[in-house]
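In what follows, a structure is listed as structure tokens, so that the remarks can point back to it.
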Amino acid sequence: MQVPFYRHDLTAEDAAEIVKVITSPFLTAGPVCRRVEDQLCRYFGVPHAVMVNSWTAGATATLMAMGIGPGDEVIVPAMTFIATANVVEAVGAKPVFVDVCPRTLLIRAEDIRSALTPNTKAVIPVHLYGQMCDMKALRDTLPPQVKIIEDCAHCFEGQRNNERPGKYADAAIFSFYATKNVACGEGGAVICSDTALYERLLKTRLHGMSKSAVNRFDGGQYNHWDMECLGIKANMSDILAALLPRQIETIDARLPARQEKAAIYRNAFRGGPLRLIENDPACISADHLFTIHVPPAVRDEAIAALIGAGVHVTVNYRAVPTLTYYREKYGYTPDDFPVSHMWGEGTISLPLYQSLSTQEQNYVIKVVKDAIYPLCMEINSVDLTAARA
Ligand SMILES: *Cc1c(COP(=O)(O)O)cnc(C)c1O
């Protein structure tokens, strides 16, 4: 049996939404993006939403709108996708990595405190794998001038203490990349409450232009645009955004299916040799990824065995500061981030999506137990022997 790592569930109905856009005058940011922005404002209970063409572009435009650049520091977790740190580098600021909680792999207020300096301008907490960081604790801990930008790429529909992303942050940023829980190929959105930041973001999202193509003809005449600040090209296309309204309307109704499949994995592996992350009882996870951890010495062998058996897996993620670019530029060593490093050297993500069938999931579980458990036990017994010697 072949079990793909990911399978989207877009339908002919979704394709029809794309056709509607193609037969309208607007191919880029237009009425469909506007409609999705309204949906996001309602869903998250915030006054402003800005569609962007990726999380990465949205975060870059947000940092520019906040005036963050050379000489500034931005705190990011060591366990995340590289984009979280890369956007900080891209605007010329310095990403300051901190290690994460060994149980949940989320960044905590106490991890951040020691990394704060007078140059700290912002923190980008990441709701890794779908569980939300404790945003209230972060906001209460950080000095008021330090901005918080939530990386919600894994957590659209998750909650902590019945609160959704966006409540305590200056901005919260989503990704609609191909494999995310809400996906349209490429895309993203920034939500925020501060109107001044929103207005700057509208400019940094589009070259720093004072008027977009839509409002250049307001009042039936041509209005010259000006460039008031530096921006990038981050606006979203209506063609892709057309895939989002239905997904956002149904996202809460679709969550139980993901939760159920995550719980099936969790129960199947309980008491076995794999390490799993802990579910924080305060959180409703968006269950974006289901990750397991095996002894680092057998990780590559485990991946090869899974793929050999038709179970397609991936790695989310190796610790970012230990990757060549960051290691060479800042001289980090694995010992600087022991939790992120240890997790990153042993983690494997299993298939988890709505259309994963019971038969497919049972097959994944069987392959893990038959092929991966023995590898882990062998290593664990070697470890014990070494410890005794
Ligand atoms: C996918 C992802 C991103 C980047 O999203 P894009 O829309 O592809 O730019 C950022 N952070 C995390 C944690 C991600 O998983």
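The values are calculated or read from the model by the stated rules, or taken from the named source; none is laboratory data. All values derive from a computational prediction rather than experimental measurement. Note: ideal-geometry Cβ built from the backbone for every residue, glycine included; neighbour counts use all protein chains shown. What goes into the accessible areas is simple: the full protein's heavy atoms, side chains included, and nothing from ligands, DNA or RNA. Shrake-Rupley method; radii C 1.70, N 1.55, O 1.52, S 1.80 Å.
Any chance you could look up the accessible area of LYS136 with a 1.4 Å probe, heavy atoms only, rounded to 10 Å²?
Its accessible surface works out to 100 Å², give or take rounding.
Check which residues have an amide H placed less than 5 Å from THR28's amide H, if you skip close sequence neighbours.
ASP238
For the chain, what does the helix formula give at 222 nm: sum of -39500 (n - 2.57) over DSSP H segments with n ≥ 4, over the residue count, nearest 500 deg cm²/dmol?
Helices in the chain give a 222 nm mean residue ellipticity of -11500 deg cm²/dmol.
Might you work out the accessible area of HIS207 for me, using a 1.4 Å probe with all protein chains in place, and round it to the nearest 10 Å²?
Per-residue accessible area (HIS207): approximately 80 Å².
What is the percent carbon and sulfur in the accessible area of region 137-184, measuring with a 1.4 Å probe over the protein chains and ignoring ligands?
Carbon plus sulfur share of accessible area: 43 percent.
Tell me the carbon and sulfur percent of the accessible area for region 12-72, rounded to whole percent, probe radius 1.4 Å.
62
Normalised by the residues of region 1-112, what does the relative contact order come to in percent, with Cα pairs under 8 Å and at least six apart?
For region 1-112, the relative contact order is 16 percent.
Which net charge results for the neighbourhood of GLY158, defined as the other residues with beta-carbon distances under 12 angstrom from its beta-carbon, given Lys and Arg at +1 and Asp and Glu at -1?
Its environment carries a net charge of -3.
How high is the relative contact order of region 143-234, in percent, counting Cα pairs under 8 Å that sit 6 or more residues apart?
Contact order relative to length: 19 percent.
How would you classify region 62-160 from its alpha-carbon gyration tensor, with a ≥ b ≥ c the square roots of the eigenvalues: rounded for a/c under 1.5, else prolate if a/b is greater than b/c, otherwise oblate?
Prolate is the answer for region 62-160, as a/c is 1.5 or above and a/b outweighs b/c.
Among VAL21, VAL320, VAL87, which one shows the highest mean-square fluctuation when the chain is modelled as a Gaussian network with alpha-carbon springs under 10 Å?
VAL21
So what's the gap between the Cα centers of region 265-328 and region 148-171, to the nearest angstrom?
If you average the Cα positions of each part, the centres end up 23 Å apart.
Quote to one decimal, in nm, the extra length available between ASN267 and ASP370 on full extension: 0.36 nm per residue of separation minus the C-alpha distance between them. Intermediate results must be reported in sequence, preceding the final value.
Values: separation 103, 0.36 × 103 = 37.08 nm, distance 1.63 nm.
This chain segment gains 35.4 nm when fully extended.
Leaving out ligands, DNA and RNA, what percent of the accessible area of region 246-375 is carbon and sulfur, probe 1.4 Å?
C and S fraction of accessible area: 52 percent.
Taking the chain as a Gaussian network, where each spring joins two C-alpha atoms under 10 Å apart, which residue of ARG246, ARG216, ARG113 fluctuates the most?
Between ARG246, ARG216, ARG113, it is ARG216 that shows the largest mean-square fluctuation.
Can you bin the chain into rounded, prolate or oblate? Criterion: square roots of the alpha carbon gyration tensor eigenvalues sorted a ≥ b ≥ c, rounded for a/c under 1.5, prolate for a/b above b/c, oblate for the rest.
Because a/c hits 1.5 or more and a/b fails to exceed b/c, the chain counts as oblate.
For GLY158, enumerate residues with amide H under 5 Å from its amide H, sequence gap 5+ or separate chain, H modeled in the peptide plane.
ALA286
Subtracting the Cα-Cα distance from 0.36 nm times the residue separation, let me have the gained length for GLU249 to ARG216 in nm, one decimal.
8.7 nm
Please work out how much accessible surface ARG108 shows to a 1.4 Å probe, ignoring ligands, DNA and RNA, in Å² rounded to 10.
ARG108 exposes around 70 Å² with every protein chain in place.
Ignoring ligands, DNA and RNA, what accessible area per residue does the chain give at 1.4 Å, in Å²?
Per residue, the chain has an accessible area of 43 Å².
Work out from phi, with θ = phi - 60° and the Karplus expression 6.51 cos²θ - 1.76 cosθ + 1.60, the ³J(HN,Hα) of each residue of region 164-173, listed in order in whole Hz, and give x for Gly and Pro.
For region 164-173, the Karplus curve yields 9, x, x, 6, 9, 8, 6, 8, 10, 10 Hz.
Mean separation of Cα pairs under 8 Å and 6+ residues apart, divided by the residue count of the chain: what relative contact order is that in percent?
About 22 percent, as a whole number.
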